[in-house]
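What follows is a single structure, written as structure tokens, with notes after it.
The values are calculated or read from the model by the stated rules, or taken from the named source; none is laboratory data. Treat the numbers as computed from the prediction; the structure is a model and nothing was measured. For neighbour counting, all protein chains shown are included, and Cβ atoms are generated from backbone atoms with ideal geometry for every residue, glycine included. Just so you know, the surface numbers come from the protein's heavy atoms only, side chains and all, with ligands and any DNA or RNA stripped out. Shrake-Rupley method; radii C 1.70, N 1.55, O 1.52, S 1.80 Å.
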Amino acid sequence: MPLRAVLFDLDGTLVDSLGDIATAMNHALVAHGLPPHPEAAYLRFVGEGVAMLAERATGGAIPELQRRVLATYHAYYDTHLFDRTVAYPGVADALLALARDGLRLGVLSNKSDDFVKRLVARFLPGVPFAGVYGERPGIPRKPDPTAALALARELGAAPDACGFVGDTSVDMDTARAAGMYGVGVTWGFRTEAELHAHGARAVVSSADALLTALRTAAP
């Protein structure tokens, strides 16, 4: 059975947002008397939601300090969401080609839901996503499969006819837990070795290769 729908992670998969995330968190850390980190450190800090980002960036500071840092981060990032973030080359064209093929498309991120919707609207405005979701209260974050399975139902696709594209182990673990066809991309925040180690069915290094992998997937 060919794929009928594809879910995509956002950060590191559709858009390169690392610079704005790092700048916002470093601003928050300094504001609360904590040392900032090199931008490259955020390659390992991101991927599991903003609370985990704050925990890692603060070095496991007491919860109250983490909450204050997170509030400062959120306020700064809210007004600097588009400073350096860009869509990855070729991604929009690949998404449009998949839509023309008749596949239903969705976005599922561990980023705050409001930020996810704003970034998708800004950088992928012509892509006909049927559902775009970030982290929401009461819904477990990836790699828990709950949100992925709900989005697949919304898109009208059984899990085994659904692809899941991402750049981290969290995404590949989500794909496996949901029974979806996991495709890892190497242009994002983690390594090819990590993607393979967490069960990626295919790993690609360009938007053209991603398009081919999804068109020829054999779940």
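Using only the alpha-carbon atoms, how far is helix 18-31 inclined from the longest principal axis of the chain? Give it as 0 to 90 degrees, nearest 10.
For 18-31 against the chain, the angle is about 20 degrees.
Taking the Cα centre of the chain as origin and charging only Cβ (+1 Lys, Arg; -1 Asp, Glu), how large is the dipole, in debye to the nearest 20? If you can, show how the numbers build up before the last one.
On the way: 20 positive and 24 negative charges, 72 e Å.
Rounded to the nearest 20 debye, it is 340 debye.
So how compact is the chain: Cα radius of gyration and Dmax in angstrom?
Rg, Dmax (Cα atoms, Å): 16.8, 55.
Taking only protein heavy atoms and a 1.4 Å probe, what accessible area per residue, in Å², does the chain have with all protein chains in place? Could you put the intermediate results ahead of the total?
Numbers: 9240 Å² over 219 residues.
Result: 42 Å² per residue.
With the full set of protein chains in place, find how many percent of the accessible area of the chain is carbon and sulfur; take the probe as 1.4 Å.
That fraction is 55 percent.
Which order do peptides 14-21, 143-150, 120-127, 168-175 fall in by mean Cβ count within 10 Å, highest first? Don't skip to the answer; put the middle values down first.
Values: 14-21: 22.0, 143-150: 18.6, 120-127: 15.5, 168-175: 25.5.
Listed from highest to lowest mean packing, they are 168-175, 14-21, 143-150, 120-127.
Take the alpha carbon gyration tensor of region 117-193, find the square roots of its eigenvalues, order them as a ≥ b ≥ c, and report rounded if a/c is under 1.5; if not, report prolate when a/b exceeds b/c, else oblate. Each step should come with its number before you reach the end.
Values: a/c = 1.39, a/b = 1.06, b/c = 1.31.
It is rounded, given that a/c, with a ≥ b ≥ c, falls under 1.5.
Multiplying the sequence separation of A197 and M52 by 0.36 nm and subtracting their Cα-Cα distance, what value in nm do you get?
Details: separation 145, 0.36 × 145 = 52.20 nm, distance 2.20 nm.
Value of the extension gain: 50.0 nm.
I want to verify a result. In a Gaussian network model of the chain, Cα cutoff 10 Å, which of these has the top mean-square fluctuation: P128, P63, P159?
Result: P63 has the largest fluctuation of those listed.
Taking the simple approach of a point 7 Å from Cα along Cα-to-Cβ for both I62 and D93, what is their distance in nm?
Inter-label distance under the simple model: 5.5 nm.
Once fully extended, how much extra length lies between T186 and R84, figured as 0.36 nm per residue of separation less the alpha-carbon to alpha-carbon distance? Walk me through the numbers on the way to the answer.
Details: separation 102, 0.36 × 102 = 36.72 nm, distance 2.00 nm.
34.7 nm is the gain from fully extending T186 to R84.
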